[in-house]
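The structure under discussion appears below in the form of structure tokens.
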Amino acid sequence: MIRHIISLSSGAALLVCGQVMAQSVAPPAPAAIATPGPPVTNGEGLYWPSQVQRQALPADREVAMATFAWTPSYRVSVLRRAHYVDPARAHPKMLEDKTQIYFIISGSGTQVLGGRPARETSVVDGNHNGDGPLAEGKSFHIAAGDVVVIPPHTWHQTLQDAGPPIVYQMVDVKTPTRMP
């Protein structure tokens, strides 16, 4: 069986299994991070049209994220990041026990991988946040069609080019074996 989400003109979305409506899914919360979608069910495939993914992102946010599938082992989301006039607002991050994979859909920017932030600001459940640019990181120009893999313990920062926001699918994979 294949499940997919259909967007309605009211802004709500319906989870559909074949032709039978199975469950109502709340529209994205009016916060930067939308409410996660339904958990993945073994034996069922999942499908989201690109239009549904784009509509799930609140247009009035500089950073918006909608999660479409999740299990304790992984999460599949789509994100949109607007250009920051002040790049200091693009805070670097580092995750201790997750690998992140970005599939760039539209827009462009610079992905910085590695190095260290000017200052580490917080650590919550193995998620590290920082301020300032990443010193000694490697910079890569990213655009539609590119893929970025960020293993555990890798500081990373996404800096959007001026113009349209960057939109990307993100797969978060729980990585129980910590990298050295």
Going through (1) on the phi > 0 side of the Ramachandran plot; (2) part of a strand (DSSP E or B); (3) surrounded by fewer than 14 Cβ atoms within 10 Å (Cβ to Cβ) one by one, G132 fails only at (3)
If you go through G115, G132, G126, the only one that is in contact with a Pro (Cβ under 6 Å, 6 or more places away or on another chain) and in contact (Cβ under 8 Å) with a residue 24 or more places away in the chain is G132
Taking the range 58-84 and keeping residues of a type in the set (D, E, K, R) and either surrounded by 15 or more Cβ atoms within 10 Å (Cβ to Cβ) or not in a loop (DSSP other than H, G, I, E, B) (or both) leaves R61, R75, R80, R81
Open item on the list: Among the residues in the range 93-102, are any farther than 16 Å from M170 by Cα, in contact (Cβ under 8 Å) with a residue 60 or more places away in the chain and out of contact with any helix residue (DSSP H, G or I) (no Cβ under 7 Å at 6 or more places or on another chain)?
Closed with: yes
Condition test on G109, is it small (G, A, S), modelled with pLDDT of 90 or more and either buried (at least 16 other Cβ atoms within 10 Å of the Cβ) or in a strand (DSSP E or B) (or both)? yes
Filter the range 157-176 for residues that are under 14 Å from D97 (Cα atoms) and assigned to a loop (DSSP other than H, G, I, E, B); the one that is modelled with the highest pLDDT is T175
Test for T154: is it on the phi < 0 side of the Ramachandran plot, of a type outside the set (F, W, Y), surrounded by 15 or more Cβ atoms within 10 Å (Cβ to Cβ) and outside any strand (DSSP E or B): yes
Qualifying residue in the range 118-126 (condition: within 28 Å of V40 (Cβ to Cβ), not in a loop (DSSP other than H, G, I, E, B) and not aliphatic (A, V, I, L, M)): no
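The values are calculated or read from the model by the stated rules, or taken from the named source; none is laboratory data. This is a predicted model, so every value here is computed, not measured. Positions of Cβ are backbone-derived with ideal geometry, glycine not excepted, and every protein chain shown enters the neighbour counts.
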